[in-house]
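Visitor: So that we are looking at the same thing, I have put the structure below in structure tokens.
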There are 2 protein chains.
Amino acid sequence: MSEQIDKQSKRSHLQNLTEALQSGTLLKVRLMLNTLHPAEIAHLLESMPPEQREVVWELVDRENDGEVLLHVNDEVRAGLIRDMETDELVAATEGLDTDDLADIIQDLPGVVSSEVVQSMDKQHRLRLEAVLSYPEDSAGGLMNLDTVTVRADVTLDVVLRYMRLRGEIPELTDSLIVVDRFDTYLGLLPLSSLLTQDATATVAEVMESDIEAIWANMPATGVASLFEHRDLISAPVVDETGKLLGRITVDDVVDVIRDEADHTVMSRAGLSGEEDMFAPVIASSRRRAVWLGVNLLTAFLASWVIGLFEATLERVVTLAVLMPIVASMGGIAGSQTLTLIIRGIALEQIGESNARWIMLRELAVAALNGLLWSLVVAGVVVLWFQDVVIGFIIAAALIINLLSGAFAGFAIPLLLRRVGIDPALAGTVMLTTITDVVGFIAFLGLGSLFLL
Amino acid sequence: MSEQIDKQSKRSHLQNLTEALQSGTLLKVRLMLNTLHPAEIAHLLESMPPEQREVVWELVDRENDGEVLLHVNDEVRAGLIRDMETDELVAATEGLDTDDLADIIQDLPGVVSSEVVQSMDKQHRLRLEAVLSYPEDSAGGLMNLDTVTVRADVTLDVVLRYMRLRGEIPELTDSLIVVDRFDTYLGLLPLSSLLTQDATATVAEVMESDIEAIWANMPATGVASLFEHRDLISAPVVDETGKLLGRITVDDVVDVIRDEADHTVMSRAGLSGEEDMFAPVIASSRRRAVWLGVNLLTAFLASWVIGLFEATLERVVTLAVLMPIVASMGGIAGSQTLTLIIRGIALEQIGESNARWIMLRELAVAALNGLLWSLVVAGVVVLWFQDVVIGFIIAAALIINLLSGAFAGFAIPLLLRRVGIDPALAGTVMLTTITDVVGFIAFLGLGSLFLL
């Protein structure tokens, strides 16, 4: 019976490997590594501090090098490549799919990549150039060139004999691609039809001709939602004239979806999606410093706003005690709206037709929650400081700030998208700036008006 | 030539549909809907305010109802089901895969679900019960029961004849599953091998027996990473004894990955992943109120801490002006560490073997950035307020708060995971509480010591 896998397996791989490394039994480590798939080895390498990573990388079977390099993130890959000899690198790239090679080749040192290209035959070189001519995050950049094509006018019987002659077909092939003699895409012939339909029928009779090909310039995110909506395993890619260029397989689409999600989460903290948990301290500090610097500017802006009310604060110090509440509640409410809108944009569910509706709804939610929590906060403040006027002031400031937070959370991502900035990256900073500034001005301004 | 799809197509579906709705040409709307796949109709319905949604839902072809219900999120589904008659609902569930039916049936009113179950034959009912007996987010809950099995001792020729007799095979079938007469899983026979290998060979000779089956109790996230690492299209699911129960297909795994990512992003703002952008204002307000309430508690805690230093603030109002900077910078730095650790946990890349290393690295990054930005802040503050002592105080408080932010960002998710709370949900609130409290105590405390 086959080995069964549970949730623990991966963590214990890491644990076992670390223990074996520490006890110095490298032979055991090597044996363990060889039972794993390249993607799992890549995952382990990403989970290790640099010194361990180097030792383990040396122990990986040379013939897995290419696949492992492919699966680690850009930053870890750069580190691994740095320690490899030219001939090792050339050997590692042999046997990779063209789309995978295209992903890696840009990260290789110039000497290596030109040697790799020179070692290829002309057909392979042309294919590689075809993939490289499209952006990495487009259908063309994602596509494989390992299509198996058939003509429409032959019978299934001929196709079946051809398949048996061929001897093997590329992984993740669920359909053969039907083309005419100019390589124009006509339709798909699923392997399952080939197996179940009458063998005397022609390909044209059996093929599925209503399946649309993907245009090579389509963005990767569009490809992903197409695969998701249509439950595809693979799909043909064509150029503007309808000529078949290659195919996209679901494994690459899964990577796109994972990367996209990762990117959203990481950018909201100002981190790059590829951040290596074990990157050198100096490099990480430098990258994160930028984000801290941007946030510092907004913090100084908030301080400057508070400074405008120094005279008021000097006389009513209670305002200083309470002011973070107003700013923070506005930020929280605003970030709920912001998150919803950023997701709506990513899923392409927000357009001109519904934007107004969504804005009014968000403002209504903010108004209701503003009323509710301003009552609570006012109650607590009146009890705490025995001052009804401050209670009224904080209630009013809260409502104002929740409304402005909701409006900013709605408007910022739409504006950023229009000017081509990623809302996940810049949205939160801009939102907090607004809710801090509006919060402090509303609360301290009302305080100056009614308490002095 | 087949129609080509670009990024714009979906948004313009929404736009076109809205315009057709507004001009009242319902026939046109119906025609447009019928050219779309159920998942795309579901996507459109999710992008519409309730009134439009109801109108469009009425126009959807009845035979697509089941598939559309399957693809909309839980909240939208509940709304659509509410308006349907029992017989419509029973009709909608016909023809759904068992795993899909299992997803929907729990959302149906009791009358409907028992009628659905009664209308099934015994075999289907037993299958449904099998799927329902596993949690929705486990391999058992994800599995389909539409496996095509073959025995190991027959020749490929026999299998080929069986396939042609069968006439069709379930979608997303890339392999037949090889079992013995007790239904014990033995291996996989890829369709591609069936097509390319010698037809006189036996299944046992050709099958891939080194592919592990998935245990029905494996969590969905584990299934997802297995599919990702091994580039699977479908995988067999077995019980503890190795008996074949069903199979998981990559389309369901893609949904798991998407939901997981969505859940992480949404929970960090205290929103549920299933949130409907067009949900009624009252319902949304109530859900979000909880999150605002939790955050209000932490804001009051911060205010209380500030209140402890009221006497100091009264005498040195500059401290009130600057205190948000210390709190905010600690929060930003901490959330970078928090995000990295939450991701590391989700990817199962953090374990006992590397946790210490990561913590020291995060503290080192925080120390470096603390030094850098405390110098900058101190410089600005000295220039602004002409007060060297306050410059020193804010520099020291910043370093303290960045370090405590990094430590909290590291420790909170690991602690939360140990007690079984989702770090993505509770992590940020807890972190901000700590960076606010530590920030205010450090800054105002040092201020009280050195300025009074």
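Visitor: Taking segment B:144-161 as the region of interest, how many residues are hydroxyl-bearing (Ser, Thr, Tyr) and over 20 Å from B:Gly246 (Cβ atoms)?
Guide: Final tally of qualifying residues: 1.
Visitor: Next question, about the same structure. If you go through segment A:70-101, how many residues are closer than 18 Å to A:Gly141 by Cα, crowded, with 22+ Cβ neighbours inside 10 Å and hydrophobic (A, V, I, L, M, F, W, C)?
Guide: 1
Visitor: Check segment B:237-250 and report whether any residue there is free of Cβ contacts under 8 Å to residues at least 12 places away in the same chain and either part of a helix (DSSP H, G or I) or surrounded by fewer than 22 Cβ atoms within 10 Å (Cβ to Cβ) (or both).
Guide: No, segment B:237-250 contains no residue that is free of Cβ contacts under 8 Å to residues at least 12 places away in the same chain and either part of a helix (DSSP H, G or I) or surrounded by fewer than 22 Cβ atoms within 10 Å (Cβ to Cβ) (or both).
Visitor: Do we have A:Gly222 as within 7 Å of chain B (Cβ to nearest Cβ), more than 25 Å from A:Arg181 (Cα to Cα) and not in a helix (DSSP H, G or I) here?
Guide: Answer is no for this residue.
Visitor: So the check is Cβ under 7 Å with 6+ separation or different chains; which pairs have a first residue in segment A:69-86 that's farther than 17 Å from A:Leu59 by Cβ and without any contact (Cβ under 8 Å) to a residue 24 or more places away in the chain and a second one that's not aromatic (Phe, Trp, Tyr) and not in a loop (DSSP other than H, G, I, E, B)?
Guide: That search, which allows pairs on different chains as well, returns nothing.
Visitor: Additional query: Does at least one position in segment A:276-291 carry a residue that is facing chain B (nearest Cβ under 7 Å) and acidic (Asp, Glu)?
Guide: no
Matching residues to (1) at pLDDT below 90; (2) of a type in the set (A, V, I, L, M); (3) touching a Lys or Arg at 6+ places or on another chain (Cβ under 9 Å):
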{"residue": "A:Val112", "(1), (2), (3)": "yes, yes, no"}
{"residue": "A:Leu145", "(1), (2), (3)": "yes, yes, yes"}
{"residue": "A:Asp157", "(1), (2), (3)": "no, no, no"}
{"residue": "A:Arg161", "(1), (2), (3)": "no, no, no"}
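Visitor: Which members of segment B:139-158 meet the condition of being part of a helix (DSSP H, G or I), among the hydrophobic types (A, V, I, L, M, F, W, C) and buried (at least 21 other Cβ atoms within 10 Å of the Cβ)?
Guide: Within segment B:139-158, B:Ala139, B:Leu142, B:Leu156 qualify.
Visitor: Follow-up. In the set B:Val326, B:Val317, B:Val382, which member is within 8 Å of chain A (Cβ to nearest Cβ) and either free of Cβ contacts under 8 Å to residues at least 40 places away in the same chain or crowded, with 24+ Cβ neighbours inside 10 Å (or both)?
Guide: Going through B:Val326, B:Val317, B:Val382 in turn, the sole match is B:Val317.
Visitor: OK, next. When you go through B:Glu67, B:Glu54 one by one, which is the residue that is part of a helix (DSSP H, G or I), assigned by TED's automatic domain parsing to the domain that holds B:Leu101 and touching an Asp or Glu at 6+ places or on another chain (Cβ under 7 Å)?
Guide: Every option except B:Glu54 fails the conditions.
Visitor: Another question, then. Scan segment A:113-127 for residues that are surrounded by fewer than 12 Cβ atoms within 10 Å (Cβ to Cβ) and either within 13 Å of A:Leu96 (Cα to Cα) or touching a strand residue (DSSP E or B) at 6+ places or on another chain (Cβ under 9 Å) (or both) and jot them down.
Guide: none
Visitor: Can you work out which of the residues in segment B:114-138 that are within 15 Å of B:Val237 (Cα to Cα) and outside any helix (DSSP H, G or I) is nearest to the chain's Cα centre (by Cα)?
Guide: B:Asp137
Visitor: Moving on. Which count do you get for residues in segment A:174-199 that are in contact (Cβ under 8 Å) with a residue 60 or more places away in the chain and closer than 20 Å to B:Val159 by Cα?
Guide: Counting residues in segment A:174-199 that are in contact (Cβ under 8 Å) with a residue 60 or more places away in the chain and closer than 20 Å to B:Val159 by Cα gives 1.
Visitor: Could you go through segment B:275-291 and let me know if any residue there is over 20 Å from the mean Cα position of the chain (by Cα), farther than 30 Å from B:Asp255 by Cα, among the polar types (S, T, N, Q) and crowded, with 19+ Cβ neighbours inside 10 Å.
Guide: no
Visitor: Suppose we filter B:Val437, B:Val388 for residues that are farther than 20 Å from B:Asn354 by Cα and either without any contact (Cβ under 8 Å) to a residue 60 or more places away in the chain or touching an Asp or Glu at 6+ places or on another chain (Cβ under 9 Å) (or both); which single one remains?
Guide: Answer to the selection: B:Val388.
Visitor: If you go through segment A:201-220 one residue at a time, do you hit one that is on the phi < 0 side of the Ramachandran plot, of a type in the set (Ser, Thr, Tyr) and in contact with a helix residue (DSSP H, G or I) (Cβ under 7 Å, 6 or more places away or on another chain)?
Guide: So far as segment A:201-220 goes, no, none of its residues is on the phi < 0 side of the Ramachandran plot, of a type in the set (Ser, Thr, Tyr) and in contact with a helix residue (DSSP H, G or I) (Cβ under 7 Å, 6 or more places away or on another chain).
Visitor: Something else: Please verify whether A:Thr428 is in contact (Cβ under 8 Å) with a residue 60 or more places away in the chain, within 11 Å of chain B (Cβ to nearest Cβ), over 19 Å from A:Ala355 (Cα atoms) and crowded, with 24+ Cβ neighbours inside 10 Å, treating the condition exactly as stated.
Guide: yes
Visitor: Quick one: B:Ile211 ticks every box in (1) within 9 Å of another protein chain (Cβ to nearest Cβ); (2) farther than 23 Å from B:Ala130 by Cα; (3) assigned to a helix (DSSP H, G or I) except a single one, so which number is it?
Guide: Looking at each condition in turn, B:Ile211 falls short on (3).
The values are calculated or read from the model by the stated rules, or taken from the named source; none is laboratory data. Predicted, not measured: the structure shown is a model, and the values here were computed from it. No Cβ is skipped: glycine too gets one built from the backbone with ideal geometry, and neighbour counts run over all protein chains shown.
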